[in-house]
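Working notes for the structure below.
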Amino acid sequence: MLVSVVVPCYRSAKTLPRLVEDLSHVLPEATTGFEIVLVVDGSPDDTWQVASELANKYPETRALRLARNYGQHNAIIAGVRSAQYEVVVTMDDDLQHPADQVPVLLAALTDDVDLVYGVPKEEEHGVVRSFSSRMVKAAMASTLSVQNAKSISAFRAFRTFLRDGFDGLDGPHASVDVALSWSTTRIAQTTVRMEDRAEGRSNYTTWMLMKHALTLITGYSTEPLRLVGYLGFICAVFGVGLFGVIIYKYAVGATTVAGFTTIASMVALFSGAQMLALGVLGEYVGRLHSGSMGRPTYVIRERTDGDAHPDITTETD
């Protein structure tokens, strides 16, 4: 099995040498051939220098430097699109995903499976972060119809041909897992060992996860628009019922002269519903506007390729 390992890199100058070394020891025994693609996502430190040096030191390693920080998923897509082998493995750069667990993923990628997620034996994060992560996955399962959403993780192995299903994916808002779900339903999971983060702390805070969930829901689903339609229907039914009550009270002479409470309640209720509907519609209009501007998913600034890839030359895009 020929394997391309894609690693999005951000502030990982201290962890990359060990990661590449570990992969270089493990992969020869687990594959018939491999490459390591380090995608430096506009990191402000010297991650690019380290990645470039590793590409020169290890023949199977390549390094891509993006022009700016585009986000983890965009960086992964850049690496996946440049992968040359039949299977792609994606993993984090912080040593939370041990190199010796890559063979576990590959073993689970049987003939009847196209995509495998590595799930930890225990929770990787604190209570709040884990709860937020579960909420994001639940949103993906319910609104995006993503199968096996609860098992989604950044440690995954899939057949490279699946990328053909998202060739048209463009723009700054991308999700690898949603894109992969467009291409296959043959998804499995396997339990792997996870380690503690070796350096620093994760950039995926609870707030970032919530923003990511909003991007997924408004970028890949029409469910919020449907919910607004349901809300409008409920408000319309309530309004008709309230109107009937007012007419009845007027007919029997039970209505008051002021009617302030009824009018104020109706104005508050329907104004709130209208503002909510406008807010959701505004999110969609904003996404359409953002997509129409032609913003790229990523731009590769330069590359450094090992000796194992003589057909790829160093260039500046």
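The values are calculated or read from the model by the stated rules, or taken from the named source; none is laboratory data. Keep in mind that what you see is a predicted model, and the values were worked out from it rather than measured. As a convention, Cβ positions derive from the backbone with ideal geometry for all residues, glycine included, and neighbour counts pool all protein chains shown. We work out accessible area using only protein heavy atoms, side chains counted, and drop any ligands, DNA or RNA first. Shrake-Rupley method; radii C 1.70, N 1.55, O 1.52, S 1.80 Å.
Heavy-atom accessible area with a 1.4 Å probe sorts M1, M91, M194, M275, largest first, into M275, M1, M194, M91. The magnitude of the dipole of region 3-96, with charges of +1 and -1 set on the Cβ of Lys/Arg and Asp/Glu and taken from the Cα centre, is near 320 debye. Multiplying the residue separation of I234 and I263 by 0.36 nm and subtracting their alpha-carbon distance yields 8.6 nm. Set the Förster radius R0 to 51 Å, insert the Cβ-Cβ distance between D112 and K249 as r into 1/(1 + (r/R0)^6), and round the FRET efficiency to 0.05. Given R0 = 51 Å and the Cβ-Cβ separation, E is 0.15. Evaluated on region 9-81, the Kirkwood hydrodynamic radius is 12.5 Å, with distances taken between all distinct Cα atoms.
Sorting the segments 36-42, 155-161 by their residues' average number of neighbouring beta-carbon atoms within 10 angstrom, most packed first, yields 36-42, 155-161. Hey, with R₀ at 35 Å, roughly what FRET efficiency would K57 and Y284 work out to, going by the Cβ-Cβ distance, to 0.05? The calculated FRET efficiency here is 0.15. Computed with every protein chain present, the accessible area of D164 is close to 100 Å² [probe 1.4 Å]. The accessible area of T110, taken with all protein chains in place and a 1.4 Å probe, comes to roughly 60 Å². Overall shape: oblate for region 69-116, with the ratio a/c of the largest to smallest alpha carbon gyration tensor axis at 1.5 or above and b/c at least equal to a/b. Counted over all Cα-Cα pairs of region 151-191, pairs farther apart than 15 Å make up 40 percent.
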